[in-house]
Amino acid sequence: MAAIEPLDAAAAVPVILAPTGERFSQALAEELGRLPRLLLIAGHYEGFDERIHELLKPKGLREISVGDYILSGGELPAMVVLDAVVRLVPGVLGDDQSPHGESFGTGDATIQGGLEYPHYTRPREFQGLAVPEILFSGNHGAVEAWRRERARKRTAERRPDLLKETDG
């Protein structure tokens, strides 16, 4: 507690990184990104003295888990949370539209909460594999429809659990 008491005046929401917390997701990253300040608290090995939970509850304590596995400390989960939240801050990526339409997002070219569509770079053909012609058509509506369809197909193939969550 001595490490965080001086930060009380900063009115930061304390976040403990622990396997006992709520599962971290894109939606949670967006929620945390709307908060004015976060205080990420990373334990090491056996976690935290249980009393820290009681002492931090009145300050709005959140507990977050980055997955169902155990690491030797909370430092890496803290970095995961930090990266996912900071990239949502306007101006960090250079283009405020960059985070929209990505996997787990809500943009036009993805399905709600699903995976993003496939991406292609140059050259137009590589080892006999070509970029789909529709992407060169100039027909933005057709390209967006192709992206939505491919996002749904990719999600169905690789993460069908996400479709079940989004289709209700």
Scalar couplings 3J(HN,Hα) for region 39-56 by Karplus 6.51 cos²θ - 1.76 cosθ + 1.60 (θ = phi - 60°), nearest whole Hz, x for Gly and Pro, are 10, 7, 10, 10, x, 9, 6, 7, x, 10, 4, 4, 5, 5, 4, 5, 6, 9
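Which order do the peptides 144-152, 67-75 come out in when sorted by mean C-beta neighbours inside 10 angstrom, highest first? List each step's numbers first, then the result.
Working: 144-152: 17.0, 67-75: 11.9.
The most tightly packed comes first, giving 144-152, 67-75.
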Sorted by chain and then number, the residues having a modelled amide H within less than 5 Å of the amide H of Gly73, at least 5 places away or on another chain, are Tyr45
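Just so you know, all these numbers are worked out from the coordinates, no wet-lab data involved. These figures come from a predicted structure and were not determined experimentally. Using ideal geometry, Cβ is built from the backbone for each residue, glycine included, and neighbour counts are taken over all protein chains shown.
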